[in-house]
Amino acid sequence: MSNNDTTIIFNGQPLSPGMGEGKVFVYRDIMKRFDEFYDIDETKVEQEVSALDRAFTRISNDLEQLQKRVKNEINSDLAGIFHAHQMMIQDPSLKKEVENKIREELVSAGSAVKSVFRHWERRFSSMNTEVGKQKGDDMIDLARRLILALAGVHGHALEDIPRGSVLVANRLLPSDTVFLERNAAAAAILEFGGKGSHAALFAREIGLPCVAGIKELMSNISEKSSVIVDANQGEVIINPTPEQEKAFRVKQDHNTSITAQARKYAHESAITKGGQQITVLANVGDKEDTQLAIENGADGIGLYRLEQIYLSRQTPPTKVELIQEITDTLKPAKGLPVYIRLLDVGADKPLPFLDMPRESNPSLGQRGVRFLLEHPDLLQMQLNALLEISSIHDVHILVPMITLPSDMLAVRKFLEEAVSNANVTNIPKLGAMIETPAAALTSKCIMEHSDFLSFGTNDLTQYLFSADRENPEVDDYFDDTNTAIFRLISMVHADTPDASLSVCGELAGRSEEVSKLVKSGITSLSVVPPSIPIIKEAIRKVKI
Ligand code: PEP
Ligand code: MG
């Protein structure tokens, strides 16, 4: 461990934006800390098995409560995680495996839980996919709960985190983050955590600045340290010098004043110096996002990803449930244009309730529209639901992962058929997501079947640079601000001069790139709700 006041600078991966400072609160892993792992003699077997039974029942009940709490207080998407955990813990074969271990190897219930759950964690993690890693985390999370229950420990260390402290942990699991109240911690820094992890999702949800990927963090920090975290840049300074603290606060004040200034004019249109109006829309996942987007002056909703409704379920939603979830999410945006994307599963987002084909390279496999066209019932149901919603909202439909003009033509035919069977007056506009280089290079033909085009620059970058968007090792290649991207956008604009072109990938939210985007022919940007005022300000500075 470092000297208590040595200054150390770390650069990690920003998981959730913002800046925060405070005293360190180290959260250590129960799996390494408890004395619950020991051998037993035969006379103790039944006692340990009964304790195990009680622990499984208690955790199942706790998860039920947690689900309700998260659903009411945070959102139903996240509640789905705990529902999935409850399904796992209720799987009788898992409990049987632990029980057999106690009986056959004569070990305590805690030891048996640790060993069985670790085994499953390793199996899932070795799949080397984002979903495998997620499932591995789920297993560890459940093991920790069971071990705490067996030890008779109630409550959670993070419930009492001193206000304003910086949380330091190896990694955060869903059951940790759910105990972190909004504004309880000033920031979080982790040894492990991917951009798509549950921890990242929760951190963004509760507005907690978070940086991950800092190896050896736990051995370089002590409870007495103070720390400053710039999660916009991924920079963490342990025991900063007075100069570093001063510079941090100047930056923090600057950011606060820029945001405050931008918010003043957030509800006014974003017009460039040359008089061109650019629409600024929001990317949303739930009703709170939509609410914040409207408060921040969004001109509409530019990307609502339907997979958020599907991924946390054990069974597919019915049409009624789908309509209910979508209308609930979009309620605050009534009267404004909304762009809803058809289910984009496959690659790192397999459907939990469908036995999806095993693919050696899933990002290049059956994802997005390819998957939808293989499962026409799934596609038809979504289109029927969106047609019904079009009686209350100004619906636009986005089709993910278009590569060929025939992809778009096929979806167009499905939509026409759905329209002919329904009683609708407002037929939604249909747009292609430009996320593959082939789609960009043949946009003119794709436009023959589309009403508008929207660039998914996250995937477009991944495919253009052959750099996996989930893999930090190839981050240098994954550059969505590279000239190649702007060149491609300008080419699409030149080939389809009358098309309405938008960007809904992360690139849209980079204020320093706004001018180039507008000059490349983009007329609409869709960004996360907190960025709307800043992006509108950036548009107002564009000179063409
Ligand atoms: C994109 O690829 O840029 C996009 C908006 O879609 P997603 O990030 O959901 O793949
Ligand atoms: Mg995409």
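Points worth noting:
- Condition check for Leu501: in the same structural domain as Ser363 (by TED's automatic domain parsing) and either more than 20 Å from Ala282 (Cβ to Cβ) or away from ligand 1 (no atom under 15 Å from the Cβ) (or both): no
Here is a yes/no grid of residues against (1) within 15 Å of ligand 1 (Cβ to nearest atom); (2) among the hydrophobic types (A, V, I, L, M, F, W, C):
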| position | (1), (2) |
| --- | --- |
| Met433 | yes, yes |
| Gly456 | yes, no |
| Thr461 | yes, no |
| Leu488 | yes, yes |
| Ala494 | no, yes |
| Ser515 | no, no |
| Ile534 | no, yes |
| Arg540 | no, no |
| Lys543 | no, no |
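So that you can scan it fast, the table gives a plain yes or no per residue for (1) acidic (Asp, Glu); (2) within 17 Å of Gly22 (Cβ to Cβ); (3) not assigned by TED's automatic domain parsing to the domain that holds Gln291:
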site: Ile206; (1), (2), (3): no, yes, yes
site: Ile214; (1), (2), (3): no, yes, yes
site: Met218; (1), (2), (3): no, no, yes
site: Asp230; (1), (2), (3): yes, yes, yes
site: Arg249; (1), (2), (3): no, yes, yes
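- Test: residue in the range 482-498 that is touching a residue at least 40 places away in the same chain (Cβ under 8 Å) and either within 13 Å of ligand 2 (Cβ to nearest atom) or polar (S, T, N, Q) (or both): yes
- Of all residues in the range 406-463 being of a type in the set (A, V, I, L, M, F, W, C) and within 23 Å of the chain's Cα centre (by Cα), the one that is farthest from ligand 2 (Cβ to nearest atom): Ala432
- Top-ranked residue of the range 313-358 - restricted to ones that are surrounded by fewer than 19 Cβ atoms within 10 Å (Cβ to Cβ), more than 17 Å from Val131 (Cβ to Cβ) and polar (S, T, N, Q), ranked as modelled with the lowest pLDDT: Thr315
- Leading residue by the ranking (nearest to ligand 2 (Cβ to nearest atom)) among those in the range 353-401 that are among the charged types (D, E, K, R) and farther than 18 Å from Ile309 by Cβ: Arg370
- Scanning the range 525-535 for residues that are surrounded by fewer than 23 Cβ atoms within 10 Å (Cβ to Cβ) and in a strand (DSSP E or B) yields a total of 0.
- Against the numbered list (1) surrounded by 19 or more Cβ atoms within 10 Å (Cβ to Cβ); (2) modelled with pLDDT of 90 or more; (3) out of contact with any helix residue (DSSP H, G or I) (no Cβ under 8 Å at 6 or more places or on another chain), Tyr310 comes up short only at (2).
- Among the residues of the range 207-219, some residue qualifies, meaning at least one is touching a helix residue (DSSP H, G or I) at 6+ places or on another chain (Cβ under 6 Å) and surrounded by 14 or more Cβ atoms within 10 Å (Cβ to Cβ).
- Test for Ser520: is it small (Gly, Ala, Ser), more than 14 Å from ligand 1 (Cβ to nearest atom) and at pLDDT below 95: no
- Once the range 359-400 is narrowed to residues that are among the aliphatic types (A, V, I, L, M) and closer than 13 Å to Leu330 by Cβ, the residue that is surrounded by the fewest Cβ atoms within 10 Å (Cβ to Cβ) is Ile392.
- Of residues in the range 373-431 being among the acidic types (Asp, Glu) and at pLDDT 95 or above, the one farthest from Tyr339 (Cα to Cα): Glu417
- Flag if Ser520 is over 24 Å from the mean Cα position of the chain (by Cα) and not aliphatic (A, V, I, L, M): yes
- Members of the range 451-480 that are hydroxyl-bearing (Ser, Thr, Tyr), surrounded by 15 or more Cβ atoms within 10 Å (Cβ to Cβ) and more than 28 Å from Leu415 (Cβ to Cβ): Thr461, Tyr477
- Test: residue in the range 445-459 that is in contact with a helix residue (DSSP H, G or I) (Cβ under 6 Å, 6 or more places away or on another chain), among the charged types (D, E, K, R) and over 21 Å from Pro362 (Cα atoms): no
The values are calculated or read from the model by the stated rules, or taken from the named source; none is laboratory data. These numbers come from a predicted model, not from an experiment. Methodologically, a virtual Cβ is constructed for each residue, glycine included, from the backbone with ideal geometry; neighbour enumeration extends over all protein chains shown.
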